[in-house]
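One structure below.
The values are calculated or read from the model by the stated rules, or taken from the named source; none is laboratory data. Quick caveat: nothing in here was measured; it's all calculated off a predicted structure. Cβ sites come from the backbone with ideal geometry, for glycine too, and all protein chains shown count toward neighbours. Just so you know, the surface numbers come from the protein's heavy atoms only, side chains and all, with ligands and any DNA or RNA stripped out. Shrake-Rupley method; radii C 1.70, N 1.55, O 1.52, S 1.80 Å.
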Amino acid sequence: MPTTPSSAPAYVVVENLVAGYGDQTVLNGVSVQARRGEITVILGGSGCGKTTLLRHVVGLLRPRSGRVLIDGRDVHRAGEAEREAILRNVGMSFQGGALFNSMSVEENVMLPILEHTRAPVETARMLARMKLSLVGLEHAARLLPAELSGGMKKRAAVARALALDPTLLLFDELSAGLDPVTARELDELVLRLKAQFDMAILIVTHELGSIQMIADRAIMLHDGRVLAAGPLAEVQARQLPQVQAFFDRRPRPAGLRHGLLERLTDGA
Ligand SMILES: Nc1ncnc2c1ncn2[C@@H]1O[C@H](COP(=O)(O)OP(=O)(O)OP(=O)(O)O)[C@@H](O)[C@H]1O
Ligand SMILES: [Mg+2]
């Protein structure tokens, strides 16, 4: 259920984004909006450009054309200092988590604080501890990423994304590959963060259960374009074959996700 009126100004505005790699065009005129206080999910088949879209939102890749505005400021046309200021308010957890394996969980969370503020080490440590307690990982502060379960790694990545108190939070496949209980706990965490902080939250996910539980709005990408966008219920009700195929998938037993069952049912 949307918790804020749709008339609220969009915090993130992607306009007519054309993007790709080498000769390949991946996004061909994509426009997307995300508002504070809402969770917007980005949907679409593997390889359709969801991660590519997020990389452009955070300024890691330059668009061929189009623009990305965060809080009204153009990420790609800003000078270095302004860009740094814009991105200071953005927290992101990449597909796969990407924690630094040689550092403790706490040090991973301290890193952006030490990099982007003048906080002394002990202050950064205290702030990192606060973020870890927000995600239920205060007891794991001194562990190395290799000593964490899959769900704990995701929580640590969330804590790191929260390190600088962002107003825009981006997650790429946060709950993919987790068992249903752990995935649900992460969804609950995301909902709690939405309730506690006034952030725009943009999440790439394939998980139907997660989409139903957390999404206020959905954007479905297909063939380099936005196929459907709007409140989740409206997108789900769209009578488009690709949309229906996406939402009609039967939930699959964990563990068989990447197995024979998937290939058989997807090929059917
Ligand atoms: N660094 C890169 N260099 C060249 N091509 C890339 C690169 N990253 C992605 N691509 C290509 O761009 C297309 C979109 O990839 P992207 O990772 O954005 O898809 P996705 O929607 O995130 O897929 P998935 O659901 O599997 O994560 C794919 O065809 C992919 O092969
Ligand atoms: Mg991806």
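Results for (1) of a type in the set (Asp, Glu); (2) more than 16 Å from ligand 2 (Cβ to nearest atom); (3) more than 21 Å from MET199 (Cα to Cα), shown as yes or no for each residue.
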| position | (1), (2), (3) |
| --- | --- |
| GLN33 | no, yes, no |
| ASP74 | yes, yes, no |
| GLU80 | yes, yes, yes |
| MET92 | no, no, no |
| GLN95 | no, no, no |
| ALA98 | no, no, yes |
| ASN101 | no, yes, yes |
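Filtered by the rule that a residue be in contact (Cβ under 8 Å) with a residue 60 or more places away in the chain and among the β-branched types (Val, Ile, Thr), region 169-197 gives a lone residue, VAL190.
GLY66 fulfils the conditions (1) of a type outside the set (Val, Ile, Thr); (2) assigned by TED's automatic domain parsing to the domain that holds TYR21; (3) in a loop (DSSP other than H, G, I, E, B) except for a single criterion, (3). Across region 133-177, the qualifying residues are those that are open to solvent by 60 Å² or more (accessible area, probe 1.4 Å) and farther than 16 Å from ASN108 by Cβ, and the one among them that is farthest from ligand 1 (Cβ to nearest atom) is ASP165. Please work out which residue is modelled with the highest pLDDT, limiting yourself to region 178-190 and to residues that are away from ligand 1 (no atom under 16 Å from the Cβ) and either in contact with a strand residue (DSSP E or B) (Cβ under 8 Å, 6 or more places away or on another chain) or assigned to a loop (DSSP other than H, G, I, E, B) (or both). This residue is VAL190. For the residues LEU69, LEU61, the requirement of being free of Cβ contacts under 8 Å to residues at least 60 places away in the same chain, in contact with a Ser or Thr (Cβ under 9 Å, 6 or more places away or on another chain) and among the aliphatic types (A, V, I, L, M) singles out LEU61. Remark: pairs (first residue in region 95-119, part of a loop (DSSP other than H, G, I, E, B); second residue of a type in the set (Gly, Ala, Ser) and open to solvent by 50 Å² or more (accessible area, probe 1.4 Å); Cβ separation under 8 Å; 6+ apart in sequence or on different chains) = ASN101/ALA146. Every condition in (1) at pLDDT 95 or above; (2) away from ligand 2 (no atom under 16 Å from the Cβ); (3) of a type in the set (A, V, I, L, M); (4) surrounded by 18 or more Cβ atoms within 10 Å (Cβ to Cβ) holds for VAL121 except the one numbered (4). Within region 93-118, if we keep just the residues that are of a type in the set (Val, Ile, Thr) and crowded, with 16+ Cβ neighbours inside 10 Å, the residue that is farthest from ASP172 (Cα to Cα) turns out to be ILE113. In region 27-49, the condition of being in a loop (DSSP other than H, G, I, E, B), within 16 Å of ligand 1 (Cβ to nearest atom) and aliphatic (A, V, I, L, M) is met by no residue. One residue is enough: does region 198-206 have a residue meeting the conditions touching a residue at least 12 places away in the same chain (Cβ under 8 Å) and touching a Phe, Trp or Tyr at 6+ places or on another chain (Cβ under 6 Å)? The answer is yes, given that some residue of region 198-206 is touching a residue at least 12 places away in the same chain (Cβ under 8 Å) and touching a Phe, Trp or Tyr at 6+ places or on another chain (Cβ under 6 Å). Just so you know, in region 52-74 the residues that are of a type outside the set (D, E, K, R) and open to solvent by 30 Å² or more (accessible area, probe 1.4 Å) include one that is nearest to ligand 1 (Cβ to nearest atom), and it is LEU61. Each residue in region 27-44 was checked for being surrounded by fewer than 21 Cβ atoms within 10 Å (Cβ to Cβ) and either out of contact with any helix residue (DSSP H, G or I) (no Cβ under 8 Å at 6 or more places or on another chain) or among the β-branched types (Val, Ile, Thr) (or both), and 5 of them qualify.
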